[in-house]
């Protein structure tokens, strides 16, 4: 299976993602933001970081970069596109998933492990997982998910919420919400479920001796699903 | 022409920065503040001498990049 990770000026999780994808059996290629064409891929990843120094709004400049037109076309034709952290911000700014990511509620940069609950397995990312609650890492300043009431209704009607912040038992209460996100939303899909944006970093949880293995479970499952 | 535009958060969007600014002002003795909302201001010098056309160009920029219309409004406040 082939994957592509896009590097924007200011991306800093692109190589971690490259290592993670290769570790679990993808043949990954790094793609520069100024390229026009994507290599032939089964999965395209927009990595975390601080593209364009977070100028104007996080992800806003990157969403207009040259390669994004190819990424948008790839997504519109049903290709799998995953945005992690800053990649999620780029996805919302490019209109591939609904909503926006605002400054965290208490204006602090949050860097810690959190628990997230997978709500909906009827998609290529989470299908066949035998686990609902995952421990993953977050590191962001703008992860406070927000959308209009109309958008929220549409998201809920179409089962587009991918993951919620929760505790280790999977309880999705407000007190387990790290950043003020609407309804504890940590990640969402587009309507067709081929585009996934999420704040937590699965690529940081792929080594038992360093962190945890919940990211490994996610990547192994993803590869099996798209094989 | 020089076109000035301001971008503000929509009314029902929480503005944590504005809130902290208000609290700080309160601590400094400015007790008569109902609310503070923080926005952005742009001065854009466009190569266009017709004010209406210049305004249109900057409005297009606001719609496509400068503002995120899910959470923000924009207003052209000056053309000179």
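The values are calculated or read from the model by the stated rules, or taken from the named source; none is laboratory data. Just so it is clear, the structure is predicted and the values come from calculations on it, not from any experiment. Here Cβ is always computed from backbone atoms with ideal geometry, including for glycine, and neighbour counts include all displayed protein chains.
Things to note:
- Checking residue A:175 against (1) buried (at least 21 other Cβ atoms within 10 Å of the Cβ); (2) under 24 Å from residue A:109 (Cβ atoms), the condition it does not meet: (1)
- Taking (1) in a helix (DSSP H, G or I); (2) out of contact with any helix residue (DSSP H, G or I) (no Cβ under 9 Å at 6 or more places or on another chain) in turn, residue A:179 satisfies each apart from (1).
- Residues of the stretch A:56-71 satisfying the condition of being more than 14 Å from every other protein chain (Cβ to nearest Cβ) and surrounded by fewer than 20 Cβ atoms within 10 Å (Cβ to Cβ): A:66, A:70
- Unique match (being in contact (Cβ under 8 Å) with a residue 12 or more places away in the chain, on the phi < 0 side of the Ramachandran plot and more than 14 Å from chain B (Cβ to nearest Cβ)) among A:83, A:49, A:53, A:78: A:83
- Elements of type strands (runs of 3 or more DSSP E) in the stretch A:95-159, at least 3 residues being away from chain B (no Cβ under 14 Å), more than 19 Å from residue A:51 (Cα to Cα) and modelled with pLDDT of 95 or more: A:110-118, A:133-140
- Subset of the stretch A:99-108 (residues that are at negative phi and touching a strand residue (DSSP E or B) at 6+ places or on another chain (Cβ under 7 Å)): A:100, A:101, A:102, A:103, A:104, A:105
- The test for being within 25 Å of residue B:66 (Cβ to Cβ) and either crowded, with 17+ Cβ neighbours inside 10 Å or touching a helix residue (DSSP H, G or I) at 6+ places or on another chain (Cβ under 8 Å) (or both) does not hold for residue A:118.
- Residue that is surrounded by the fewest Cβ atoms within 10 Å (Cβ to Cβ) [pool: residues in the stretch A:10-36 that are in a loop (DSSP other than H, G, I, E, B) and touching a helix residue (DSSP H, G or I) at 6+ places or on another chain (Cβ under 6 Å)]: A:36
- Within the stretch B:1-55, the residues that satisfy the criterion of being in contact with a helix residue (DSSP H, G or I) (Cβ under 7 Å, 6 or more places away or on another chain) and more than 12 Å from chain A (Cβ to nearest Cβ) are B:1, B:3, B:5, B:33, B:35, B:36, B:37, B:44, B:46, B:48.
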